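Encoded as structure tokens, the structure appears first; notes follow it.
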């Protein structure tokens, strides 16, 4: 049934998946506020209020851009933005989510970048790519830490999302991006979800012409790496460059 639904309207299935995660995360943060985990003063709860605001904005952006498919580029949605600031906001948003699972989320950045940190692309869909990878890292990490990094790699920008979770067996790497793929029930604390997160992330990367790599060791953790190439003065989509549509995006994996 899930496969049939995805084939009929992959964009709607992905949209429902991502909006569900937004509301679920907001509920987690509100529970933390109600329980007084951060204290009662405005200064103490400010990080959670900012996290709620960021999640609300992301959910609103998803709904407003509902007609834009995650597996192709809509030129009207392409904009230029500062990836350093963008990821900082995402780290603030996801820190309470990680803490709710007794994990710590770290945001790390290079001391300098050869060409700055301006990125050109569909900011809504890039947000979907990063948020799904972060959500996945938190979900499959029973203890330890999650790292979000923005690094300089020669002329390019490199985003890393690394965890100290259960890891992925080598023979499973080629299947984790398939729609509805999930780890075995005994490997993860919470099996809720549609199993679309990694599929959405990969399709967004493909649409932007980005390289995504996975390195994982069972029992030690997983690292996803995304390379934003430098094109005509900006990272990501160069001026006037729109990657071609992916005809088989609705069905393919990697």
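The values are calculated or read from the model by the stated rules, or taken from the named source; none is laboratory data. No experiment lies behind these values; they were computed from the predicted model shown. A quick note on method: Cβ atoms are made from the backbone with ideal geometry, for glycine too, and the neighbour counts reach across all protein chains shown.
Within the range 167-194, restricting attention to residues that are outside any loop (DSSP other than H, G, I, E, B) and modelled with pLDDT under 65, the residue that is nearest to residue 17 (Cα to Cα) is 185. Residues that are within 25 Å of residue 22 (Cα to Cα), outside any strand (DSSP E or B) and out of contact with any strand residue (DSSP E or B) (no Cβ under 6 Å at 6 or more places or on another chain) within the range 144-166 comprise just one, 166.
Within the range 84-107, the set of residues being within 16 Å of the chain's Cα centre (by Cα) and assigned to a strand (DSSP E or B) comprises 105, 106, 107. For residue 62, the stated conditions do not hold, so it cannot be described as over 17 Å from residue 200 (Cα atoms), within 18 Å of the chain's Cα centre (by Cα) and surrounded by 13 or more Cβ atoms within 10 Å (Cβ to Cβ). Among the residues making up the range 108-138, those that are more than 24 Å from residue 206 (Cβ to Cβ), touching a strand residue (DSSP E or B) at 6+ places or on another chain (Cβ under 8 Å) and in a loop (DSSP other than H, G, I, E, B) are 110, 112, 113. Mind checking which residues of the range 16-40 are over 16 Å from residue 51 (Cα atoms) and touching a helix residue (DSSP H, G or I) at 6+ places or on another chain (Cβ under 8 Å)? Within the range 16-40, 17, 18 qualify. Residue 141 meets each of the listed conditions (1) closer than 23 Å to residue 177 by Cα; (2) part of a strand (DSSP E or B); (3) touching a residue at least 60 places away in the same chain (Cβ under 8 Å) apart from (2).
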